[in-house]
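Asks: I'd like to ask some things about the structure below.
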Amino acid sequence: MSGAVKVLTEFLSGLGRSVFFLLQILRVIPASLLRPQLIVRQLYMLGQLSMIIIVISGIFIGMVLALQGYRTLVRFGASESLGVFVALTIIRELGPVVTALLFAGRAGSSLAAELGLMKATDQLSAMEMMAVDPIERVIAPRFIAGLIAMPLLTMIFAVMSIGVAGGHAVGVELLKVDAGSYWSAIRGSVDLGDIRDSLVKASVFGFAVSWIAVYQGYTAAPNAEGVSRATTSTVVVSSLAILALDFMLTAFMFN
Amino acid sequence: MNPTTATKDVPEDVLVRCRGLHFRQGQRVIYNGIDIDIARGKVTAILGPSGTGKTTLLRLIGGQWRPSAGTIEFDGTDVHKLGRKPLYDLRKRMGMLFQNGALLTDLTVFENVAYPLREHAGIPENLVRDIVLMKLQAVGLRGARDLYPEELSGGMARRVALARAISLDPDMVMYDEPFTGQDPISMAVLIKLIRTLNQSLGLTSIIVSHDIKEVLSIADYAYVISGGKVLGQGTADEIRSSESAFVRQFLNGEPDGPIAFHYKAPAYADELMGAKK
């Protein structure tokens, strides 16, 4: 019993510290926005460098969805609905969730490791001693870049999986679903509300992953084990948070 | 003079004054009421075995950590009573050289030294360039300005960090273990630099170290700390001629003495004979 109480106490105190840390970040965001070059650099590091994994994953997931969807739909003579199936699945669910999971694995882990190593090598302390606030100069630009990158990457993922080479390539080119049916079904079923919901999810996931990554990195023990632990925790906690948040957001959006 | 007790010989013109300093990390007591004065314009050494909290003292003086009790005054201002903005203003008057240099790894040598200037000085870029080159010239690394930290040796990284620490012309520079892991040439270069810069720039220097011989060769005054207390203090000669058992053990590098070779443990015979913990 005392063990459970201890775990609960540690969880709550950790949550409290991370919320306090988030408030510190939010406080300095206006000042960080005055240095856009720092944010642009992080957008490159977190967003641009995540593009390859997002694009390739999008293509393959779109192709697999088209194969699986076609197999089921064709039994009911509804193969022309393949576009709707692929598009709604990607836009509403898989787009934001898979992008966020990949983002946590690719960008979140590197963010946590980078911050952990900066701490272990006293770079953050050195900034403090140079009268430069590391939360304003180092943490906030990375946090903001994560927030911006996630919705953009989600849209790229969706375009790659539904259109260019994913669902369209397999559905239309390989399985010979009529291209007009594929795209008109998508136009008829996907409305702006779906895209809005997708972007909302992507933004919430981007917020969660960025927050978890910078917190884990900033509070890492300043040694090799601490950095390793922070990196692992970022991926594990982010993944669980993404799945839990997705359920809550979906339930809310479906009322 | 008895170096373990004298305080009256500390010069009156004091830049940093620590009084009744207590500090603990978790259950571990690091400082148990120490008084230290850092004289203005002098090189003061803080000596002591590893793990005695010498680096902690620098972090306390810089206001990064807060003491459990006691005060630290920098030029008459209580460091730990300052708000964030005045504390940051105060830090602009302090430079700190971290043990491993702590250079920002994504910036070149030039950009590292320019960093504090660009952040705080508010001067045109051509002036920044001139000042950075002057600081790099002072540490002999003007030619290395385009290198990245991973391309530097340990000694070079510390010299760049020293150039960065003095880029804002601070009143005081704190050196955290500047000689650890250095080859004899790098060590001699650093010793010469610390002494020369202290004189030519009118700096106050605090050197935290356990490299006794090197530090005493340039220190005007030294404190020996262990077990949370100041166990000896005085000029380099006074420390060398101290009769304190601890100071002698520390100076001569004796494995056993007031600082025991064995970590605190139950009786050896009892443990070998199977007595439970």
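The values are calculated or read from the model by the stated rules, or taken from the named source; none is laboratory data. A quick note: this is a predicted structure, and the numbers were derived from the prediction, not measured. Because the Cβ atoms are built from the backbone with ideal geometry, glycine has one as well, and the counts that use them run over all protein chains shown.
Asks: Between a residue in segment A:221-234 that is among the charged types (D, E, K, R) and any residue that is surrounded by 15 or more Cβ atoms within 10 Å (Cβ to Cβ), which pairs come within a Cβ distance under 8 Å, given they are 6 or more apart or on different chains?
Replies: A:229/A:220
Asks: Separate question: Given the conditions (1) modelled with pLDDT of 90 or more; (2) away from chain B (no Cβ under 14 Å), which single one is not true for residue A:121?
Replies: Status for residue A:121: all satisfied but (2).
Asks: Every residue in segment B:41-98 that is more than 16 Å from residue B:24 (Cα to Cα), small (Gly, Ala, Ser) and in contact (Cβ under 8 Å) with a residue 24 or more places away in the chain, please.
Replies: B:41, B:45, B:48, B:50, B:62, B:95
Asks: Sticking with this structure for a sec: Report the residue count in segment A:14-35 for those that are loosely packed, with under 12 Cβ neighbours inside 10 Å and within 12 Å of residue A:144 (Cα to Cα).
Replies: Going through segment A:14-35 one residue at a time, the tally reaches 2.
Asks: Additional query: Would you check if residue B:80 is assigned to a helix (DSSP H, G or I) and facing another protein chain (nearest Cβ under 9 Å)?
Replies: Values: assigned to a helix (DSSP H, G or I): yes; facing another protein chain (nearest Cβ under 9 Å): no.
Criteria not met by residue B:80.
Asks: Go through (1) at negative phi; (2) within 23 Å of the chain's Cα centre (by Cα) one by one and return the number of the condition residue B:124 breaks.
Replies: For residue B:124, the failing item is (2).
Asks: Among A:128, A:136, which is the only one that is free of Cβ contacts under 8 Å to residues at least 40 places away in the same chain, surrounded by fewer than 23 Cβ atoms within 10 Å (Cβ to Cβ) and in a helix (DSSP H, G or I)?
Replies: Details: A:136 fails: free of Cβ contacts under 8 Å to residues at least 40 places away in the same chain.
Selected residue: A:128, the only one of A:128, A:136 that is free of Cβ contacts under 8 Å to residues at least 40 places away in the same chain, surrounded by fewer than 23 Cβ atoms within 10 Å (Cβ to Cβ) and in a helix (DSSP H, G or I).
Asks: Taking interchain pairs and intrachain pairs at least six residues apart, which have beta carbon atoms under 7 angstrom, with the first residue in segment A:68-94 and of a type outside the set (Ser, Thr, Tyr) and the second part of a loop (DSSP other than H, G, I, E, B) and buried (at least 23 other Cβ atoms within 10 Å of the Cβ)?
Replies: Pairs found: A:80/A:177; A:82/A:177.
Asks: If you don't mind, another one. Considering only segment B:85-106, how many residues are under 13 Å from residue B:166 (Cα atoms), within 8 Å of another protein chain (Cβ to nearest Cβ) and aliphatic (A, V, I, L, M)?
Replies: 2
Asks: Which one of these does residue A:172 not meet: (1) of a type in the set (Val, Ile, Thr); (2) closer than 30 Å to residue A:43 by Cα; (3) without any contact (Cβ under 8 Å) to a residue 12 or more places away in the chain?
Replies: (2)
Asks: Which of the residues belonging to segment B:259-277 are without any contact (Cβ under 8 Å) to a residue 24 or more places away in the chain and either surrounded by 10 or more Cβ atoms within 10 Å (Cβ to Cβ) or in contact with a Pro (Cβ under 6 Å, 6 or more places away or on another chain) (or both)? Spell out how you get there, then give the answer.
Replies: To start, the set of residues in segment B:259-277 that are without any contact (Cβ under 8 Å) to a residue 24 or more places away in the chain comprises B:260-277.
Answer for segment B:259-277, where residues must be without any contact (Cβ under 8 Å) to a residue 24 or more places away in the chain and either surrounded by 10 or more Cβ atoms within 10 Å (Cβ to Cβ) or in contact with a Pro (Cβ under 6 Å, 6 or more places away or on another chain) (or both): B:261, B:266, B:270, B:271, B:275.
Asks: OK, next. Could you tell me whether any residue of segment A:36-50 is exposed (fewer than 13 other Cβ atoms within 10 Å of the Cβ) and over 23 Å from the mean Cα position of the chain (by Cα)?
Replies: no
Asks: Taking residue B:63, is it at pLDDT below 90 and not basic (Lys, Arg)?
Replies: Numbers: at pLDDT below 90: no; not basic (Lys, Arg): yes.
No; evaluated as a whole, the condition is false for this residue.
Asks: Can you confirm whether segment A:89-104 contains a residue that is within 14 Å of chain B (Cβ to nearest Cβ) and assigned to a helix (DSSP H, G or I)?
Replies: So in segment A:89-104, the residues within 14 Å of chain B (Cβ to nearest Cβ) come out as none.
Within segment A:89-104, none of the residues are within 14 Å of chain B (Cβ to nearest Cβ) and assigned to a helix (DSSP H, G or I).
Asks: Is at least one residue of segment B:38-55 among the β-branched types (Val, Ile, Thr), outside any loop (DSSP other than H, G, I, E, B) and modelled with pLDDT under 90?
Replies: Pass one, segment B:38-55, residues among the β-branched types (Val, Ile, Thr): B:38, B:43-44, B:46, B:52, B:55.
Then drop every residue that is not outside any loop (DSSP other than H, G, I, E, B), which leaves B:38, B:43-44, B:46, B:55.
Narrowing the set further to residues that are modelled with pLDDT under 90 leaves B:55.
Scanning segment B:38-55, I find at least one residue that is among the β-branched types (Val, Ile, Thr), outside any loop (DSSP other than H, G, I, E, B) and modelled with pLDDT under 90, so the answer is yes.
Asks: Can you pull out the helices (runs of 4 or more DSSP H) entirely within segment B:214-277 that have at least 3 residues that are among the hydrophobic types (A, V, I, L, M, F, W, C) and in contact with a strand residue (DSSP E or B) (Cβ under 7 Å, 6 or more places away or on another chain)? Steps first, answer last, please.
Replies: Working: elements: B:236-240, B:245-252, B:268-272.
Counting at least 3 such residues, we get B:245-252.
Asks: Is one or more of the residues making up segment A:139-156 within 27 Å of residue B:59 (Cα to Cα), out of contact with any Ser or Thr (no Cβ under 6 Å at 6 or more places or on another chain), assigned to a helix (DSSP H, G or I) and away from every other protein chain (no Cβ under 11 Å)?
Replies: Initial filter on segment A:139-156 (within 27 Å of residue B:59 (Cα to Cα)): A:139-142.
Next, from what is left, pick out any that are out of contact with any Ser or Thr (no Cβ under 6 Å at 6 or more places or on another chain): A:139, A:142.
From what's left, assigned to a helix (DSSP H, G or I): A:139, A:142.
Of the ones still in play, those that are also away from every other protein chain (no Cβ under 11 Å) are A:139, A:142.
Among the residues of segment A:139-156, at least one is within 27 Å of residue B:59 (Cα to Cα), out of contact with any Ser or Thr (no Cβ under 6 Å at 6 or more places or on another chain), assigned to a helix (DSSP H, G or I) and away from every other protein chain (no Cβ under 11 Å), which makes the answer yes.
Asks: Suppose we keep only residues that are without any contact (Cβ under 8 Å) to a residue 24 or more places away in the chain and small (Gly, Ala, Ser) within segment B:107-146. Which one would you say is nearest to the other protein chains (Cβ to nearest Cβ)?
Replies: B:122
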